[in-house]
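Read the figures in this text as sums done on the coordinates, not as results from a lab. Please read these numbers as outputs of a predicted model, since none were measured by experiment. Don't worry about glycine lacking a Cβ; one is built from the backbone with ideal geometry, like all the others, and counts go over all protein chains shown.
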Amino acid sequence: MQRLLPNQSEHVSEEVLDNLYPLFQQPLNLNTVSLEELSGVYILSENQLTQFFLYREQAGPLLSLYELQAIPDFDGLTIQRLLAFVYVDAQRLSGEPRHTFLLRYDRSLERRKGFTPDARGNPRYLGKPYRVFMRYKGYAARNFSLGFTAKQDAGEPFHWNPATRSYGVDFLSFQATIQNRGRLKNLSLGDYQLQIGQGLVLSGGFYLGKGSEPVLTIRRSQLGIRPYHSGTEYGFFRGLAATIQLAPRWEITGFYSRIKRDANLIDEQTVSSLQTSGLHRTATELSDKASLQTQDAGGHLRYQTSRLSLGLTYLQTHYDKTLQKASRAYNAYEFSGRTNALIALNYSCLWRNLNGFGELARSSSGGLGLVSGVLSSLNKSWDASLIFRHYERNFHTFHGNSFSENSRPINESGV
């Protein structure tokens with residue numbers, strides 16, 4: 001993290017840690033790891049990735065981690081960085097279950113303004129001035145994962161009312177996942193994320209921007225279904241998702257999600273925007289809590305070899321109220337309505353020292369989105385990247401986070 005994010009005070013957050021730490025907790029098996037998984041560690045250059053898969057193809061499965069020294073262009077420092085995130089299956093008989101429990105409590109010593117009465121003598125925040133975070137996780141590498149997260153922000157009231165889905169703390173999250181059971185590669189129940197293609201349609205988890213590492217990080221790694229453990233109260237699905245191996249090179253993923261999200265209510269049938277802060281301290285914030293029911297359904301069909309990956313994705317999102325943003329210049333091309341559908345094609349290919357990748361999508365509003373690029377290791381000292389993106393004004397994606405200058409892929413073109 002010091003290498004990827006030198007100025008950690010500005011970039012490191014709880015969400016960043018929650019998405020990077022699983023790579024350390026559940027190492028990758030070098031004899032079965034895919035290109036997307038290995039590149040997602042952000043350690044190997046394009047030339048090193050090419051050399052690794054070429055070596056595994058020619059020499060067969062690795063017998064020991066010491067064998068990494070025999071791969072061309074693998075230096076001692078790179079291997080040292082990589083060791084914490086990988087293993088060779090011959091070294092491990094089975095993944096033993098592990099359990100972690102985290103309980104955090106904090107509060108400010110000073111009395112914050114939100115906890116003082118307003119001019120009429122009424123309290124601004126309705127809850128207590130402390131924050132509580134609790135998380136349990138049990139897992140065995142590549143086998144199963146089970147956990148829950150509970151969070152109460154400072155100022156949020158403690159409610160117990162099952163009729164309104166209030167169970168004490170303000171935010172509750174649960175997930176259960178089983179993996180690698182015959183043809184069933186992944187089955188997740190509860191809260192999860194989907195990381196597919198180049199993130200144009202489905203982009204869950206943490207992505208580095210074009211800051212300290214502007215070459216290796218422009219490509220998104222396809223990791224499929226990922227259990228959700230973070231305390232961030234948006235950016236995840238809640239329901240069921242499964243990945244099934246149809247044939248040696250074919251797999252299919254299906255998912256369904258139904259969740260109530262925070263939104264600014266205009267009336268009983270209309271909302272003006274989605275809320276992402278996760279804070280419910282005042283009467284106004286509480287009135288917006290879980291006010292918009294969202295349903296997401298779709299699937300992903302993928303063909304994969306050691307050097308090529310092709311995918312077809314479909315996603316439909318439906319709101320139970322009409323999303324109608326305020327009439328402002330900056331909202332001129334924003335989505336309006338209740339239903340949006342996306343269909344996309346993505347690819348990733350490895351040829352010599354070139355790694356090509358991209359995704360093309362079309363939304364039901366008629367707009368096209370395209371991102372495509374190539375990475376190359378010119379030699380041991382020089383790496384290069386080139387990426388093109390074109391997102392039309394009427395292209396709308398709610399769960400996308402592909403490479404862009406803006407915070408979302410909309411109304412932008414660039415190289």
Return the FRET efficiency for the residue pair L386, Q58: r is the Cβ-Cβ distance, R0 is 35 Å, and the value is rounded to the nearest 0.05.
0.75
Cα pair distances in the range 174-313, grouped into 5 Å bins until the bin that holds the longest one, percent each:
2, 9, 16, 18, 17, 14, 11, 7, 4, 2, 1
Within the range 251-285, which residues have the backbone N less than 20 Å from the label spot 7 Å out from F158 along Cα→beta-carbon, could you tell me?
279-283
Arranged from highest to lowest average of other beta-carbon atoms within 10 Å per residue, in what order do the peptides 115-126, 358-369 appear?
358-369, 115-126
Give me the distance in nm between label points sitting 7 Å out from Cα along the Cα-to-Cβ direction at L240 and D75, one decimal.
5.1 nm
Using a Förster distance of 35 angstrom, determine the FRET efficiency expected from the C-beta separation of S413 and H318, and round it to 0.05.
0.75
Please give the calculated 222 nm ellipticity per residue for the chain, where each DSSP H segment of at least 4 residues contributes -39500 (n - 2.57) and the sum is spread over every residue; nearest 500 deg cm²/dmol?
-3000 deg cm²/dmol
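Can you list which of the GluC sites (Glu not before Pro) found in the range 42-146 are DSSP loop residues with at most 16 other C-beta atoms within 10 Å?
E110
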Treating only the Cα positions of the chain as identical point scatterers, give the base-10 log of I(q)/I(0) from the Debye formula at each q in 0.12 Å⁻¹.
-1.08
How much length, in nm to one decimal, is gained on full extension between T32 and N394, taken as 0.36 nm per residue of separation minus their Cα-Cα distance?
126.3 nm
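If you restrict to DSSP beta bridges whose two residues both lie in the chain, what percentage is antiparallel, to the nearest 5?
Values: 128 of 132 bridges.
Around 95 percent of the beta bridges assigned by DSSP in the chain are antiparallel ones.
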Take every Cα pair under 8 Å in the chain that's 6+ residues apart, average their separations, divide by the length, and report that relative contact order as a whole percent.
12 percent
